[in-house]
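Working notes, structure below.
The values are calculated or read from the model by the stated rules, or taken from the named source; none is laboratory data. These numbers come from a predicted model, not from an experiment. Here the Cβ is made from the backbone with ideal geometry for all residues, glycine too, and neighbour counts use every protein chain on show.
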Amino acid sequence: MPKPDFYVHAAYETDRRAVLSLGLGAAALAVLPAAAQTHLPDALSDTRNMIMNSITATDGAVIFFKDWGPKDAQPIVFHHGWPLSADDWDTQMLFFLNHGYRVIAHDRRGHGRSAQVSDGHDMDHYAADVAALAQHLDLRDAVHIGHSTGGGEVARYVARHGQPEGRIAKAVLIGAVTPIMLASADNPGGLSMEVFDGFRSGLAANRAQFYLDVASGPFYGFNRPDATVSDGAIRNWWRQGMMGSAKAHYDGIKAWSETNFTADLKSIDVPTLVMHGDDDQVVPISNTAMPTVKLLSQGALKVYDGLPHGMATTHADLINADLLAFIKA
């Protein structure tokens, strides 16, 4: 049974001879149902992980990751937004790799090249998957940078899995969904459920068109009259989104819109930079970044005049320079 192209591309950790010798095991793995794969003999499980950089979470979900740079350098871990993948951080990863850092990014469960599992599309599982990755790579003194949903993931991970001492050095929340997106009596400035139901209905009706509309409109601010539109950025967003599981993305809307991170933010005890564009049409700054920084014991807020939700792509040079300054400080 032939493997999809992305399996071949992900085989950069093995040489051609190793891939050929493991081909029979990989073919056997491909035809097994997902439930059976969680109970594979060790040798066959190792085959999968050699062909593709991945770990197996505690519930059997296979999580893909990239790990570039010197293993003894300070690690920077990037957490992507919904419904994207680790590829959304390519510009940042290359920038920090060229500055001597070890850079790591994973595809969240159900996203990108990670397993399209049916369950576990919530912040607790997302954070536990990151913890499993950090333990697998034995990351120390790491800086965790999260965008949008990834910002919520960072908050939950740092708060609940920050031990042992020395595991986490700093955190960055970019356009993050913290402390909570959904409006309620306690959060009157939030967005109504109708907004998120609109996301769900758009995804369910025609995911491909909905993703194209999001990328070419509010995500990068390309719907603004003076915007410089990048067709490549739109296509890359769409490509990443369509790689993932429709169910994971559908379930994930609840995770990033309804999770309350207030307790997480209060318990974070490392320096944390909150970065947000004041023209963010997806995650409005007034009910996210502003209250977020007030809940952090070592928080700092940097607001970007006129920048959109996807500012790490549209203004990568500016964001990268500010990230570097914060990490080195």
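Here are some notes:
- Residue in the stretch 244-255 that is modelled with pLDDT of 95 or more, in the same structural domain as Met193 (by TED's automatic domain parsing) and part of a loop (DSSP other than H, G, I, E, B) present: yes
- The residue pairs whose first member lies in the stretch 82-106 and is without any contact (Cβ under 8 Å) to a residue 12 or more places away in the chain, whose second member is among the polar types (S, T, N, Q), and whose beta carbons are closer than 9 Å, counting only pairs six or more residues apart or on different chains, are Asp90/Asn236.
- Scope the stretch 68-107; condition touching a Lys or Arg at 6+ places or on another chain (Cβ under 6 Å) and not in a loop (DSSP other than H, G, I, E, B); matching residues: Pro75, Ala86, Ala105
- Some residue of the stretch 214-233 being within 17 Å of the chain's Cα centre (by Cα), assigned by TED's automatic domain parsing to the domain that holds Gly120 and surrounded by fewer than 17 Cβ atoms within 10 Å (Cβ to Cβ): no
- Cross-chain or 6+ apart pairs with Cβ under 9 Å, the stretch 119-136 first and farther than 13 Å from Thr259 by Cα, then assigned to a loop (DSSP other than H, G, I, E, B) and hydroxyl-bearing (Ser, Thr, Tyr): Ala128/Thr58; Asp129/Thr58; Asp129/Ser114; Ala132/Thr58
- Residue within the stretch 154-172 that is part of a loop (DSSP other than H, G, I, E, B), touching a residue at least 60 places away in the same chain (Cβ under 8 Å) and closer than 16 Å to Ile268 by Cβ present: yes
- Here Gly146, Gly202, Gly221 are screened, and the one residue that is assigned to a helix (DSSP H, G or I), closer than 23 Å to Trp237 by Cα and not charged (D, E, K, R) is Gly202.
- The residues listed here are Ile285, Ile319; of these, the one that is surrounded by fewer than 22 Cβ atoms within 10 Å (Cβ to Cβ) and among the aliphatic types (A, V, I, L, M) is Ile285.
- Condition met for Thr292 (in contact (Cβ under 8 Å) with a residue 40 or more places away in the chain and within 27 Å of Met193 (Cβ to Cβ)): yes
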